[in-house]
1. Report the residue count in region 61-76 for those that are within 14 Å of the ligand (Cβ to nearest atom) and either open to solvent by 40 Å² or more (accessible area, probe 1.4 Å) or closer than 30 Å to Ala202 by Cα (or both).
2. Check Ser16, Ser48 and return the single one that is of a type in the set (Ser, Thr, Tyr) and closer than 24 Å to Asp236 by Cβ.
3. I'm told Leu84 meets every condition in (1) more than 24 Å from Lys206 (Cβ to Cβ); (2) part of a helix (DSSP H, G or I); (3) open to solvent by 30 Å² or more (accessible area, probe 1.4 Å); (4) touching a helix residue (DSSP H, G or I) at 6+ places or on another chain (Cβ under 9 Å) except one. Can you identify the failing condition by its number?
4. Of the conditions (1) surrounded by 13 or more Cβ atoms within 10 Å (Cβ to Cβ); (2) among the polar types (S, T, N, Q); (3) away from the ligand (no atom under 16 Å from the Cβ), Gln108 clears all except one; give me its number.
5. Just checking, which of Ser120, Ser187, Ser155 is surrounded by fewer than 19 Cβ atoms within 10 Å (Cβ to Cβ), closer than 26 Å to His89 by Cα and of a type outside the set (D, E, K, R)?
6. For the structure I just gave you, tell me whether Leu160 is of a type outside the set (Asp, Glu) and within 15 Å of the ligand (Cβ to nearest atom).
7. Can you name the condition, by its number, that Glu96 falls short on among (1) assigned to a helix (DSSP H, G or I); (2) free of Cβ contacts under 8 Å to residues at least 40 places away in the same chain; (3) under 16 Å from Glu157 (Cα atoms)?
8. Only one of these is surrounded by 19 or more Cβ atoms within 10 Å (Cβ to Cβ) and within 30 Å of Met98 (Cα to Cα): Leu168, Leu113. Name it.
Amino acid sequence: MIDTALKELLVNFAKSREPICVLTGAGISAESQIPTFRGPEGFWTVGSREYHPQEMATFQMFLQYPDEVWRWYLYRMGICKTALPNPGHLAVSEMERMFGGRFTLITQNVDGLHLRSGNSPERTFQIHGNIFHMRCAGECTRNIYPLPPGVSPKSKEEPLTEEDRRLLRCPACGHLARPHVLWFDESYDEIHYRYVSSLETARKTKLLITVGTSGATNLPNQVVHEVKRSGGILIDINMEENPFSRAALSGKNGFFLKGKSG
Ligand code: OAD
């Protein structure tokens with residue numbers, strides 16, 4: 001339930017010309033049945049060992065077991081492909097329509113659901129990449145390619161086929177391709193993950209709405225603290241208390257809406 005003070009503030013904000021930013025995490029896609037990152041469903045078995053997402057999602061793991069890492073991503077890609085945007089995604093795309101050039105979306109989600117629900121690629125910074133895309137693992141170019149149509153989602157037990165292996169190669173040089181996602185042993189950059197653009201957006205933002213994120217990654221933390229430092233309004237929407245709800249409530253311009261994002 002939105003209280004009267006917040007409602008009044010939002011109405012006044014909507015009439016202003018100030019920039020607004022929405023920062024989303026896995027929680028916004030939970031109602032589309034995509035498991036959250038730190039939930040219990042992320043484990044993956046390779047040989048006789050179970051791996052946590054924080055071990056699977058590394059360049060080191062990819063170098064050691066490229067087939068297994070691709071299989072894991074193609075399994076997750078299948079979940080994202082069949083998922084549908086939920087009312088939370090639709091509200092965010094409606095906000096872009098309402099606010100136009102004042103609006104920026106920063107998302108940690110690689111599921112592509114914001115774009116599918118109508119947010120524009122220009123105003124959406126996918127700071128952890130997109131699971132439907134790949135790029136050269138040898139970095140012959142910085143190009144990002146859609147996954148070839150012949151590459152299909154995998155069930156948990158299904159191995160890669162020879163055809164998958166043939167298709168999952170860089171179209172420019174033929175080297176092995178990798179999923180276009182940020183891994184735990186890598187750093188943000190501008191060209192692939194809009195690092196500089198996100199920080200520039202944060203510097204201008206006067207209202208930041210964080211949705212469904214545990215606040216565990218670096219760039220989102222920088223964004224929240226930049227907006228807070230410059231006196232912007234913070235609104236956190238989450239089922240649980242988290243670092244961003246605490247950041248919001250510890251300032252005079254902050255709100256925490258505890259509940260489902262939808
Ligand atoms: P997490 O899985 O860490 O956190 C999900 C958050 O969503 C938690 O705070 C939940 O309380 C909240 N939540 C769950 N269901 C919700 C719902 N229906 N409505 C609102 N909130 C809900 O996911 P992220 O914070 O997105 O990065 O994780 C951030 C990043 O951590 C991921 O993008 C991934 C990982 O490192 C990379 O792989 C680079």
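1. Result for region 61-76: 1.
2. Details: Ser48 fails: closer than 24 Å to Asp236 by Cβ.
After ruling out the rest, the residue left standing is Ser16.
3. (2)
4. (3)
5. Just one listed residue meets the conditions, Ser120.
6. No: the conditions fail for Leu160.
7. (3)
8. Only one candidate qualifies: Leu113.
The values are calculated or read from the model by the stated rules, or taken from the named source; none is laboratory data. What you see is a predicted model, and the numbers here were worked out from it, not measured in a lab. No Cβ is skipped: glycine too gets one built from the backbone with ideal geometry, and neighbour counts run over all protein chains shown. Heads up: the accessible areas ignore ligands, DNA and RNA and are worked out on the full protein's heavy atoms, side chains in. Shrake-Rupley method; radii C 1.70, N 1.55, O 1.52, S 1.80 Å.
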